[in-house]
Amino acid sequence: MLWQLFITFFKIGAFTFGGGWAMISIIEKEVVDKRHWVTKEDFLDQLIVAQSLPGLLAANIAVGVGDKIRGRIGSIISTIGIVLPSFLMILIIAIFLTPDLINHNPTLAAIFKGIRPAVVALIIAPVITTAKTAKLKWSTAWIPVIVALLIWSKWPIVSNPILWVVLGALLGVCYARRAMLRSQKSKVKSQE
Amino acid sequence: MIYLRLFWSYLKIGLFGFGGGYAMLALIENEIVGSGWITEKMFTDIVAISQMTPGPIGINSATYIGYVVPAESSAAFSNPFWGVLGAILCTFTVVLPSFLLVVYTSHLIRKHHDSWVVKGLFSGLRPVIVGMIASAAMLLMNGENFGTDTRDVVWSISLCAAAFCVVYFAKIHPIWVIIAAGLAGYFIFI
């Protein structure tokens, strides 16, 4: 059973390009539809947890599903399973494709000169898609602009993204608390 | 000690990495490139290689960065053995917070994910995540990646714009975009 668990997650890690949602749907197919290790409800439950926590979605869901199936040892096995293919493949690439080689081999240097601007484009695309799903309004659209500019500025302290993660979370909770208290007050008033 | 510093950096990356791999890039940029361990150019190459190999970008880049940084930091670590050790350390550390949090806090989250606290937390995080991804893109738009003479810059901007259109509007998978850009680069810059 543990071996099965390992092999299943190893295969998912080895054959899925990109993490995130691409991987989630494949994990769901394997562990829910094909192997019946967890029910659909349990899987969706784990997905909520995985999304609410920091870290990589695919790793979070592997830990959760493994834990559900076989407890602590299951979560360790499934995590190793999903991480190991990436680790091995990148290690082999890193050993042979060194930064020195990329810079000094004229063919590779030219290829990577073309790739680098495309990589930037690959990061701009999710800026727009996440901005859309974040449902930014005129009252909140300034936040990403300020955050991006300050991280980009490389100024001490304010350029550290951790500061903005903590601040965003705290202010979000404070704002929600205020909104909750207000709605409670108006409820009390309307009852009077 | 480079390994302790890598461990500490990746612990922070794993712990504050809300919003997935792309948002994590801003953290990696700040921790790893900001420490002077690798150049912006190498970081961009690592992102490209991570995109082209199976697996989440956060894990792929951790392995590659862990392998490269010890040798870059000191000549004493130039033996590949030290690189493999670094790769194991960074890959392990980036999933460690995930692992502990999922195992020990999932019952709490299941109970409270509908509460105003969690909802408020994420309403505050979402705009920040957008800003973090944008900053990662902005930081990589530099002379190291786009070239410095006019011909290089013009070609680079055209490639970037074309790649964006193909990925965003035509929804072509990033791997094909990277392969096409590499081919284009070969013919343009050789």
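Values for this structure:
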quantity: Computed over chain B: relative contact order in percent, which uses C-alpha pairs under 8 Å that are six or more apart; calculated: 24
quantity: Peptide B:150-161 - average C-beta neighbours from other chains (10 Å radius); calculated: 3
quantity: Listed residues A:Ile93, A:Ala62, A:Pro156: farthest to the positive end of the dipole of segment A:27-163 (Cβ charges); calculated: A:Pro156
quantity: Candidate aspartates and glutamates - alpha carbon under 19 Å from B:Lys41, same-chain residues fewer than 8 apart omitted; calculated: A:Asp100, B:Glu29, B:Glu31, B:Glu72, B:Glu144, B:Asp149, B:Asp152
quantity: Spatial separation of Cα centroids for segment A:54-123 and segment B:137-190, in angstrom; calculated: 22
quantity: Computed [θ] at 222 nm, deg cm²/dmol, chain B (DSSP H ≥ 4; -39,500 (n - 2.57); rounded to nearest 500); calculated: -26500 deg cm²/dmol
quantity: Taking chain A and dividing mean pair separation by its residue count, relative contact order in percent (alpha carbons under 8 Å, at least six apart); calculated: 17
quantity: Anisotropy class of segment B:147-190 from Cα gyration tensor, a/c 1.5 cut; calculated: oblate
quantity: Under the span-like rule (Cα at least 20 Å along the axis, Kyte-Doolittle mean at least 0.0), DSSP H helices of chain B; calculated: B:2-16, B:57-73, B:80-112, B:116-140, B:150-168, B:174-189
quantity: Protection-proxy order for peptides B:21-33, A:172-184, A:116-128, each taking the mean of Cβ atoms within 10 Å per residue, highest first; calculated: B:21-33, A:116-128, A:172-184
quantity: For B:Gly55, distant residues with modelled amide H under 5 Å away; calculated: A:Thr16, A:Phe17, A:Gly18
quantity: Cα convex hull volume per residue for the protein assembly as shown (Å³); calculated: 153
quantity: Length added when fully stretched, A:Lys132-A:Gln184, from 0.36 nm per residue minus Cα-Cα; calculated: 15.7 nm
quantity: Neighbouring partner chain Cβ atoms per residue of B:24-31, average, 10 Å criterion; calculated: 5
quantity: Fewest-first sequence of B:Thr148, B:Thr105 by Cβ atoms within 10 Å of each Cβ; calculated: B:Thr148, B:Thr105
quantity: Euclidean distance between Cα centres, segment B:42-60 to segment B:1-25, Å; calculated: 15
quantity: Sequence ranges B:123-133, A:21-31, A:95-105, ranked by mean other-Cβ count within 10 angstrom, highest first; calculated: B:123-133, A:21-31, A:95-105
quantity: Protection-proxy order for peptides A:57-65, B:72-80, each taking the mean of Cβ atoms within 10 Å per residue, highest first; calculated: A:57-65, B:72-80
quantity: Residue-span extension gain [A:Trp142 to A:Ile157] - 0.36 nm each, minus C-alpha spacing; calculated: 3.4 nm
quantity: Exercise: per-residue mean of other protein chain Cβ atoms within 10 Å, A:63-69; calculated: 3
quantity: 22 Å Cα-Cα threshold exceeded, pairs from A:Lys11/A:Lys68; A:Lys132/B:Lys119; A:Lys29/A:Lys132; calculated: A:Lys29/A:Lys132
quantity: Chymotrypsin sites (Phe, Trp or Tyr not before Pro) within segment A:135-168, DSSP loop, no more than 13 other Cβ atoms inside 10 Å; calculated: A:Trp138
quantity: Cβ-derived FRET efficiency at R0 30 Å, B:Ser74 paired with A:Gln51, nearest 0.05; calculated: 0.15
quantity: Axial C-alpha extent at least 27 Å, average Kyte-Doolittle at least 0.5 - helices from chain A (DSSP); calculated: A:57-96, A:106-133
quantity: Shape box of segment A:60-192 [Cα atoms, principal axes, largest first, Å]; calculated: 78, 46, 29
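Where a number appears in this text, it was derived from the coordinates with a stated rule and is not lab data. Computed from a predicted structure; not experimentally measured. Cβ atoms come from the backbone with ideal geometry, glycine included; neighbour counts cover every protein chain shown.
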